[in-house]
Structure formats: structure tokens, C-alpha cells
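Undergrad: Here you go, one structure.
Laboratory data are not the source of any read-out in this text; all were calculated from the coordinates shown. Model, not experiment: these values are computed from the prediction. Positions of Cβ are backbone-derived with ideal geometry, glycine not excepted, and every protein chain shown enters the neighbour counts.
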Amino acid sequence: MATRILIVEDSDDVRLSYVRWFEQAGFKVFQARDGEHALQISRTLRPDVVLLDIELPGIDGYTLAEKWQGDPRMAKVPLVVLSGRTGDEHERRSQKAGCLIALPKPCLPDMILAAVRGALGPNPIIRAR
């Protein structure tokens with residue numbers, strides 16, 4: 001069975017690019033454009049991994065990640081952050097919210113795919129810069 005990824009990104013163009021990349025890499029892709037939609041999807045589907053933007057309308061990515069950490073169905077799902085936010089404070093907040101890897105935008109498709117695959121591996125990487 002294909003690995004299920006939930007892509008949470010509010011920019012339609014960016015999200016659809018990610019969808020194409022991951023579908024071509026053999027993933028089963030689900031998508032949400034905001035935090036509330038992502039919460040709804042996660043109630044019915046437990047993805048294997050989440051690619052998460054931080055700056056989302058309504059519920060931001062940090063809050064969404066924290067909610068998932070409190071949900072037994074989602075608490076062990078690796079969260080990979082891909083955000084325009086950078087720096088120590090962003091990395092600290094991402095880790096505190098339960099995110100495994102924080103990547104800066106823009107980021108090359110190969111790096112994003114490698115980070116997601118790394119998050120799914122037996123010894124996931126903690127951060128990528």
C-alpha cells in the first residue's frame with residue numbers, strides 16, 4: 001500500500017506542486033488548505049506523514065501540530081514543517097509542537113522528498129536546514 005501523506009498548505013499553487021511531486025514519487029496524497037480542514041481530514045484518515053505549513057488561515061501550523069500531539073491517533077505521525085519562517089525561535093516552537101523536521105521555504109523538491117522519507121525511516125532526522 002502506498003504511503004499516505006497529508007499536505008497542509010494554504011497557497012493553491014504551492015500545494016498543487018507538492019501534490020504532483022509526491023504523487024509522482026508514489027505517495028497517496030491528501031490535501032488541506034487550512035488547519036480546520038486538516039483536522040477534519042485527520043479524523044477520518046490517519047496519514048503516515050504530514051507536510052505542514054505554519055502560516056495558515058485560522059488555526060496556524062503550530063497550534064495544529066499541538067492539537068495532533070494530544071490526539072492518540074495522530075500523536076506518532078511524523079510532522080515535517082515547510083515554512084517561510086526560519087531561525088531558532090521557529091525551530092524551538094516547531095519542536096515543542098511535536099514537529100520532527102523544519103525546512104525553510106523555498107526548498108527544492110528533492111530536499112522535501114528526502115526529509116519526508118527520512119521522517120518515515122527507522123532513525124528519523126531531527127532537523128534539516
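Undergrad: Just to be sure, is Leu39 surrounded by 22 or more Cβ atoms within 10 Å (Cβ to Cβ) and either farther than 25 Å from Asp110 by Cβ or touching a residue at least 12 places away in the same chain (Cβ under 8 Å) (or both)?
TA: no
Undergrad: Report, by residue number, each residue of segment 95-119 that is of a type in the set (Lys, Arg) and assigned to a loop (DSSP other than H, G, I, E, B).
TA: Lys105
Undergrad: Answer yes or no as to whether Leu100 is closer than 15 Å to Leu39 by Cβ and buried (at least 19 other Cβ atoms within 10 Å of the Cβ).
TA: no
Undergrad: Taking Ile54 and the conditions (1) farther than 20 Å from Gly121 by Cβ; (2) out of contact with any Lys or Arg (no Cβ under 6 Å at 6 or more places or on another chain), which numbered condition does it fall short on, given that it satisfies the others?
TA: Here Ile54 meets the rest and fails (2).
Undergrad: Related question: Restricting the search to segment 1-36, which residues are surrounded by fewer than 18 Cβ atoms within 10 Å (Cβ to Cβ), aliphatic (A, V, I, L, M) and closer than 20 Å to Tyr62 by Cβ?
TA: Within segment 1-36, just Val14 meets the criteria.
Undergrad: Can you tell which of Arg46, Arg15 is in contact with an Asp or Glu (Cβ under 8 Å, 6 or more places away or on another chain), basic (Lys, Arg) and free of Cβ contacts under 8 Å to residues at least 60 places away in the same chain?
TA: Arg15
Undergrad: Being under 19 Å from Gly84 (Cα atoms) and either free of Cβ contacts under 8 Å to residues at least 24 places away in the same chain or of a type in the set (Asp, Glu) (or both): is that true of Glu9 here?
TA: yes
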